[in-house]
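Undergrad: To start, I am sharing the structure in question, which I have written as structure tokens.
The values are calculated or read from the model by the stated rules, or taken from the named source; none is laboratory data. Since this is a predicted model, take the numbers as computed values, not measurements. Cβ: placed from backbone, ideal geometry, glycine included. Neighbour counts: every protein chain shown. Side chains included, ligands, DNA and RNA excluded: accessible areas come from the protein's heavy atoms. Shrake-Rupley method; radii C 1.70, N 1.55, O 1.52, S 1.80 Å.
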Amino acid sequence: MNPALVISAADNVATALEALEAGRTILLGPLTVTVTEAIPRGHKFALRAIGIGEPVLKYGSAIGTASSSIDAGAHVHTHNVASTRGRGDLARAAAESGPE
């Protein structure tokens, strides 16, 4: 069994299907990623570097925005991602501010 799952080719994160130790190298299709820190089962790790403010992509769509720079192989979770799912306040604020 593969130790991680990538849902869409557009994703920049994978989900660990088992606990992953730092230094483990994982082959995910055409990608090879070395995990840089322990990743708990069910948590995400970056497939490539994700810059601050960049969307975090899973399921082929954005699930949040990087709140800090995330290196390839690093744990992706609430400490470095701001969720944008279900944030109607963001869409409302953008609509109220109007075009620039």
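Undergrad: How many of the residues in segment 45-69 are surrounded by 18 or more Cβ atoms within 10 Å (Cβ to Cβ), closer than 19 Å to residue 5 by Cα and not charged (D, E, K, R)?
TA: Within segment 45-69, residues that are surrounded by 18 or more Cβ atoms within 10 Å (Cβ to Cβ), closer than 19 Å to residue 5 by Cα and not charged (D, E, K, R) number 7.
Undergrad: For segment 26-39: of the residues being open to solvent by 50 Å² or more (accessible area, probe 1.4 Å) and of a type in the set (A, V, I, L, M), which is nearest to residue 60 (Cα to Cα)?
TA: Within segment 26-39, the match that is nearest to residue 60 (Cα to Cα) is 31.
Undergrad: Name the one entry in 42, 23 that is exposed (fewer than 12 other Cβ atoms within 10 Å of the Cβ), modelled with pLDDT of 95 or more, over 23 Å from residue 62 (Cα atoms) and not charged (D, E, K, R).
TA: 23
Undergrad: In segment 35-89, what count of residues is obtained for those that are among the hydrophobic types (A, V, I, L, M, F, W, C) and touching a His at 6+ places or on another chain (Cβ under 9 Å)? It would help to see each step written out before you state the result.
TA: Step one: list which residues in segment 35-89 are among the hydrophobic types (A, V, I, L, M, F, W, C), which gives 35, 38-39, 45-47, 49-50, 52, 56-57, 62-63, 66, 70, 72, 74, 76, 81-82.
From the residues that got through so far, the ones that are touching a His at 6+ places or on another chain (Cβ under 9 Å) too are 35, 38-39, 45-46, 76.
Counting residues in segment 35-89 that are among the hydrophobic types (A, V, I, L, M, F, W, C) and touching a His at 6+ places or on another chain (Cβ under 9 Å) gives 6.
Undergrad: Tell me the strands (runs of 3 or more DSSP E) entirely within segment 1-87 that contain at least 2 residues that are in contact with an Asp or Glu (Cβ under 9 Å, 6 or more places away or on another chain) and without any contact (Cβ under 8 Å) to a residue 60 or more places away in the chain.
TA: 44-46, 55-58, 61-66
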